[in-house]
Amino acid sequence: MSARFRRMAARLWPGSLFGRLAMILFSGLVAAHVLAFVLIVLDHMAIEDELGNKFAAVDVADSVAILDYVKPEERPAWLDRISRLHYRYVLRDGGELEAEPPKRRQANIARLRALLGPAYEANFVYLDPPTRSRRGILMHLKDGSPLTLEIFGQGATISPWLPAALAVQLCIIAFFVWLAVKLATQPLARLEHAANSLGSDLRGEPLPEDGPKEVARAATAFNAMQRRIAEQVAERIQILAAISHDLQTPITRMRLRADFLGDSDAKEKLQGDLQEMQTLVKQGLALAREYDDIGPGATAHVAVEALREPS
């Protein structure tokens, strides 16, 4: 696989899970639909061709019987009457005999010979020997007059409503593919929203643990992870609250001792440092109070009790 082809495939390959699933499902369903349609059409054409060959053989045998019945001078007037859309009759000989026709044409000519009877001979011939693009059947009437059946090539025809029907079917397939992929990826969108909100709010609502088994298991695992994170954060907040609470007592003692210092410069510096420490402690307590209900049940209650300052 060349690098150019890989780059082209990478550009065409969707970047989102929704686009990838939609492309895979739509391509697979369209391929299966087209394959089933082709097989049905081929089967219909085979049946139609078989019935058409049987009808044509009966029609040719009846036409030969008519030409045998009428007078030789009346036969040219009957040629247009017995000719059909895909073949016509001419009262002449010629052409190159087809030595080894395929099995399908051998079966058709054998059917025609059986209908004509043992007194008649029928063979496939090429009407233009150099190019061999036109084919016909050479026969002889009872009086020995040659009769050539010129066969016109017929192209495959389709009904005019068939392209519109295929377009409608593809639209229906595309709609149901979009609906299926939308329903399949919707739990992932909910999981993404919950994960994005988890960073700023550990107390968010848990995901509903319903739907397909895989989705329910993923929601259960996410809810368990959210609870574990909340418990760990609550434990750390509890430790922070306890440390901040315990630091207030030594800070208070140090502040009282600083009041007895005689040196005013050292006293002011020490009191400034103690004030900074007191500010840090208050910030820790304030932060702990903001998250006083993160943990579930008893953990949160213990954290709240630890946050209370001594009177």
- [ ] Look through region 151-167, keep the residues that are at pLDDT 65 or above and under 30 Å from Arg132 (Cβ atoms), and return whichever of them is surrounded by the fewest Cβ atoms within 10 Å (Cβ to Cβ).
- [x] Gly153
Open item on the list: Anything in region 97-116 that is farther than 28 Å from Ile47 by Cβ and modelled with pLDDT of 85 or more? List them, or say none.
Closed with: Leu97
Open item on the list: Among the residues in region 205-214, are any in a helix (DSSP H, G or I) and either within 30 Å of Leu188 (Cα to Cα) or not hydrophobic (A, V, I, L, M, F, W, C) (or both)?
Closed with: yes
TODO: Find the residue count for region 124-133, including only residues that are closer than 26 Å to Ala46 by Cβ and loosely packed, with under 15 Cβ neighbours inside 10 Å.
DONE: 2
TODO: Determine if region 23-45 includes at least one residue that is at pLDDT below 80 and not in a helix (DSSP H, G or I).
DONE: no
TODO: Evaluate the following for Val168: is it assigned to a helix (DSSP H, G or I) and out of contact with any helix residue (DSSP H, G or I) (no Cβ under 7 Å at 6 or more places or on another chain)?
DONE: yes
- [ ] Take region 99-123 and flag every residue that is part of a loop (DSSP other than H, G, I, E, B) and surrounded by 17 or more Cβ atoms within 10 Å (Cβ to Cβ).
- [x] Tyr120
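Only one residue in Arg75, Arg81 is over 30 Å from Ile40 (Cα atoms) and surrounded by fewer than 17 Cβ atoms within 10 Å (Cβ to Cβ), so which one is that? First the steps, then the outcome.
On the way: Arg75 fails: surrounded by fewer than 17 Cβ atoms within 10 Å (Cβ to Cβ).
Just a single option satisfies the conditions, and that option is Arg81.
The values are calculated or read from the model by the stated rules, or taken from the named source; none is laboratory data. Not measured: the values here are computed from a predicted model. Because the Cβ atoms are built from the backbone with ideal geometry, glycine has one as well, and the counts that use them run over all protein chains shown.
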